[in-house]
Amino acid sequence: MKVFGSPRMGGESGGRGRSRGLAHGGSEAQEPGQRAKSTFDWKLLPDVWLLIKPRRAILAAGLLLMVVNRLSGLVLPASMKYVFDDVILQRQARLLMPLVLVVIAATVVQGLTSYALTQLLSKSSQRMITELRLRVQAHIGRLPVAYYDANKTGALVSRIMSDVEGVRNLVGTGLVEFVGGILAAVFACVYLLHVSVPMTAVAVGAMVVFSAGLSKAFKTIRPIYRARPRINAEVIGRLTESLGGVRVVKGYHAEAREERVFQAGAQRLLDNVLKTLTATSLMSSSATALLGIVSAAILFLGARAILSHAMSPGGFVSYLAILGWLVAPVAQIVSVGPQMTEALAGLERTREVLNEETEDDSPGRTRQLARVEGRVVFDHVNFAYDPGRPVLNDVCFEAEPGTVTAFVGPSGAGKSTIIGLIAAFYVPGAGRVLVDGTDLAHVRLESYRTQLGVVLQESFLFDGSIRENVAFARPEASEEAILAACRIARVDEFAESFEKKYDTVVGERGVKLSGGQKQRVSIARAILADPRILILDEATSSLDSESEALIQEGLRYLMRGRTTFVIAHRLSTIRRADQILVVEAGRIIERGTHDSLYAAAGRYYDLYTKQYGLERNLFLAPGEGDSEPEETPAAGAEPGAAVARDSALPEAIRLIRERGT
């Protein structure tokens, strides 16, 4: 997964592939912590309480307002008895105006409390959603890279943006209105029992039977609601990949195929929604039928009571009006119940993410690193992305401070995994990775990664200006330091030619820049960080030979006094490394300098001679030979301009280091 953090390091597959069930129309992927069950998860109650606890005062005020609202709402149906019996039948006209004024006053109170409820609870619920989103995003951003490898970008975006949305019903008008409806039903039941016990017993009995049916219905629809956010996350994840790879899609004329893939996912989402709509419509129609049956029964019993003079006409009209308040909670359960089910499903998925252990949550990570010297040791390290599929086996080496260590070998050998362990993206399954004698598994990562500079094989730029992307390593860096880093990485060569220069927006993932330009910005970002340990994972792979020759000069200045690790398939670029480690099948099979390994005529010799022969056959490009790369002045340039430019590089490096201290 590549969001809210660095992009995944390229290289080995190592069992890191992710399910593409949606693309193949397969079943829903099981996510971490997912449980297939249909009963309410009572373990969610502490999470619900944690959400409610900081807002209990607001909820209490909301409940108080709701009680006032419901009581004022009972005034109108209760007044009907007096209107019919006293004003109309007994012609007591003097009572009409007071009754009208009381009803008007009660209606005003009901309107004001409804407005206050909406303002108080709706705004509180929206603030809660924002706080929860911030919390989930902050937590996801601190999860280990392995978690990102196992989850799609769009799925995590859905976790942050969509799953928390339904939680508003837990601390919003939905819950309070439902509780208010229950309170109103209690008030109504007391009044109705006072008026007629037989009729009220019939109504309450019918509601009990219907409530039992609703309970079984909710057990059926809960799994459907739980599945919806998961399906939605899969659809968003696949759509994100499709949009991100639009050039590949268009390059292979696969628009129609991607349409079918998205159509399959959208259809699964539609099927889920239709199932819930069918269930809720059945419950709604059942509630309507219940109300009709109860009303018919009450009409029969009430009419008999009037004929037998046990009840007045006004009392019966008032009874029917208040009866609606007794039955209303059943209708509210039908409408609010699914919302609460959706909220609990979102809360459950949110809890799954928040229960994931962050990188620094391990009890053993207690050590704070001061400024490191840069001695890195791999002590019999084993590593596997998936159990039973080892990627590294008994890897041992030592890199002294200020030296350059290069890793060479075929694709999938384990080079990028070693780099990932040096960057503390992963933890060894066995063995230790030591920095200045301290096991990285016990180090607080913020104290280590602030001293680490990384230029990955895949250049990742944010949708911002060139200046913002370079300054990402040190947001507080001065303009002078940023420009100095750009000069070393030769970013100024193309940035100065743009209309807005360093304020030019590079687009999503740097789409408006060429591959080589993006790589130079990435290198400038690492230079500005002024790290103690530098990682170059094919840092010049996207550059043409001339640009590579220019950048190598700046990199040589940058690597001085730093422990540097380099992955390079272009072996001519790592001849001057202090040690070269040949990695194959997860093991280091050869180690030494270029000269010693070449003289040994082993695996490195085979790789080098094969590549050298291929380059000769393909007409070796300038800048890839044995000689030191030299800058050739452009036509029309003043004599000595190139020399002056190169002489400015040590001064730029000094400036960056001074600003970093």
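Restricting attention to the range 267-303, and to residues there that are surrounded by 17 or more Cβ atoms within 10 Å (Cβ to Cβ) and among the small types (G, A, S), which single residue is farthest from the chain's Cα centre (by Cα)?
Among those that are surrounded by 17 or more Cβ atoms within 10 Å (Cβ to Cβ) and among the small types (G, A, S), it is G302.
State all residues of the range 507-526 that are more than 14 Å from V455 (Cα to Cα) and surrounded by 21 or more Cβ atoms within 10 Å (Cβ to Cβ); if no residue qualifies, say none.
Result: G510, L513.
Please name all residue pairs, on different chains or six or more residues apart, with Cβ atoms under 6 Å, provided the first residue is in the range 475-501 and is under 21 Å from A529 (Cα atoms) and aliphatic (A, V, I, L, M) and the second residue is open to solvent by 80 Å² or more (accessible area, probe 1.4 Å) and modelled with pLDDT of 85 or more.
Matching pairs, first to second residue: A495/K501.
Could you check the range 378-397 and list, in sequence order, the residues that are in contact (Cβ under 8 Å) with a residue 60 or more places away in the chain, surrounded by fewer than 21 Cβ atoms within 10 Å (Cβ to Cβ) and either under 34 Å from the mean Cα position of the chain (by Cα) or not in a strand (DSSP E or B) (or both)?
A384, Y385, D386, R389, P390, N393
Small (G, A, S), outside any loop (DSSP other than H, G, I, E, B), open to solvent by 10 Å² or more (accessible area, probe 1.4 Å) and touching a strand residue (DSSP E or B) at 6+ places or on another chain (Cβ under 6 Å) - does that describe any residue in the range 417-434? So that I can check it myself, show each step before the final result.
Within the range 417-434, the subset small (G, A, S) is 420, 423-424, 429-431.
Pick out the ones that are also outside any loop (DSSP other than H, G, I, E, B) and you get 420, 430-431.
Restricting the remaining residues to those that are open to solvent by 10 Å² or more (accessible area, probe 1.4 Å) gives 430-431.
Next cut, touching a strand residue (DSSP E or B) at 6+ places or on another chain (Cβ under 6 Å) only: 430-431.
Yes - at least one qualifying residue is present in the range 417-434.
Please find, among E342, E373, E359, the residue that is in contact with a helix residue (DSSP H, G or I) (Cβ under 6 Å, 6 or more places away or on another chain), open to solvent by 40 Å² or more (accessible area, probe 1.4 Å), not small (G, A, S) and not in a strand (DSSP E or B). I'd like the intermediate steps shown before the answer.
On the way: E373 fails: in contact with a helix residue (DSSP H, G or I) (Cβ under 6 Å, 6 or more places away or on another chain); E359 fails: open to solvent by 40 Å² or more (accessible area, probe 1.4 Å).
Every option except E342 fails the conditions.
For L483, work out the one condition from (1) open to solvent by 20 Å² or more (accessible area, probe 1.4 Å); (2) within 30 Å of E446 (Cβ to Cβ); (3) in contact with a strand residue (DSSP E or B) (Cβ under 9 Å, 6 or more places away or on another chain) it doesn't fulfil.
(3)
Consider only pairs whose beta carbons are under 8 Å apart and that are at least six residues apart or on different chains; among these, list those whose first residue lies in the range 200-224 and is farther than 25 Å from S318 by Cα and whose second residue is of a type in the set (F, W, Y) and open to solvent by 30 Å² or more (accessible area, probe 1.4 Å).
R222/F40
Return yes when V491 is at pLDDT 80 or above, open to solvent by less than 20 Å² (accessible area, probe 1.4 Å) and farther than 21 Å from G561 by Cα and no when it is not. Spell out how you get there, then give the answer.
Working: at pLDDT 80 or above: yes; open to solvent by less than 20 Å² (accessible area, probe 1.4 Å): yes; farther than 21 Å from G561 by Cα: yes.
Answer is yes for this residue.
When T350 is evaluated against the numbered criteria (1) modelled with pLDDT of 85 or more; (2) open to solvent by less than 20 Å² (accessible area, probe 1.4 Å); (3) touching a helix residue (DSSP H, G or I) at 6+ places or on another chain (Cβ under 9 Å), which criterion, by number, is the only one it fails?
(1)
Being among the small types (G, A, S), in contact with a helix residue (DSSP H, G or I) (Cβ under 8 Å, 6 or more places away or on another chain) and at pLDDT 80 or above narrows it down to one residue among A138, A206, A184, A217; which is it?
From the options A138, A206, A184, A217, the qualifying one is A206.
What number of residues within the range 304-314 are out of contact with any Pro (no Cβ under 9 Å at 6 or more places or on another chain) and crowded, with 19+ Cβ neighbours inside 10 Å?
2
Looking only at the range 235-247, decide whether some residue is open to solvent by 30 Å² or more (accessible area, probe 1.4 Å), within 29 Å of G324 (Cα to Cα) and not hydroxyl-bearing (S, T, Y).
Checked against the condition, which is being open to solvent by 30 Å² or more (accessible area, probe 1.4 Å), within 29 Å of G324 (Cα to Cα) and not hydroxyl-bearing (S, T, Y), the range 235-247 yields no hits at all.
Pick out, from the range 18-124, the helices (runs of 4 or more DSSP H) lying fully within it that include 2 or more residues that are modelled with pLDDT of 80 or more and not aliphatic (A, V, I, L, M).
Answer list for the range 18-124: 56-73, 75-82, 96-117.
Looking only at the range 494-506, which residues are part of a helix (DSSP H, G or I) and open to solvent by 10 Å² or more (accessible area, probe 1.4 Å)?
Initial filter on the range 494-506 (part of a helix (DSSP H, G or I)): 494-495, 501-503.
Residues satisfying the conditions are F494, K501, Y502, D503.
Across the range 194-238, what is the number of residues that are in a helix (DSSP H, G or I) and farther than 30 Å from F262 by Cβ?
Qualifying residue count for the region: 25.
Quick check: is even one residue across the range 398-405 surrounded by 22 or more Cβ atoms within 10 Å (Cβ to Cβ), in contact with a Phe, Trp or Tyr (Cβ under 8 Å, 6 or more places away or on another chain) and over 21 Å from I527 (Cβ atoms)?
For the range 398-405, residues surrounded by 22 or more Cβ atoms within 10 Å (Cβ to Cβ), in contact with a Phe, Trp or Tyr (Cβ under 8 Å, 6 or more places away or on another chain) and over 21 Å from I527 (Cβ atoms): absent.
Give the range 574-606 a look and list any residue that's in a strand (DSSP E or B), within 17 Å of A413 (Cα to Cα) and in contact (Cβ under 8 Å) with a residue 60 or more places away in the chain, or say none. Give the steps one after another, and end with the answer.
Going residue by residue through the range 574-606, those that are in a strand (DSSP E or B) are 579-584, 587-592.
Narrowing the set further to residues that are within 17 Å of A413 (Cα to Cα) leaves 580-584, 587-591.
Within the range 574-606, I580, L581, V582, V583, E584, R587, I588, R591 meet the criteria.
Here are the criteria: (1) of a type outside the set (G, A, S); (2) farther than 26 Å from V67 by Cβ; (3) open to solvent by less than 60 Å² (accessible area, probe 1.4 Å); (4) at pLDDT 80 or above. Tell me which single one P198 does not satisfy.
Unmet for P198, out of (1) of a type outside the set (G, A, S); (2) farther than 26 Å from V67 by Cβ; (3) open to solvent by less than 60 Å² (accessible area, probe 1.4 Å); (4) at pLDDT 80 or above: (3).
The values are calculated or read from the model by the stated rules, or taken from the named source; none is laboratory data. Quick caveat, the model's predicted, so the values are computed rather than measured. Neighbour counts run over all protein chains shown; Cβ positions are idealised from the backbone, glycine included. These area figures cover heavy atoms from the full protein model, side chains too; ligands, DNA and RNA do not enter into them. Shrake-Rupley method; radii C 1.70, N 1.55, O 1.52, S 1.80 Å.
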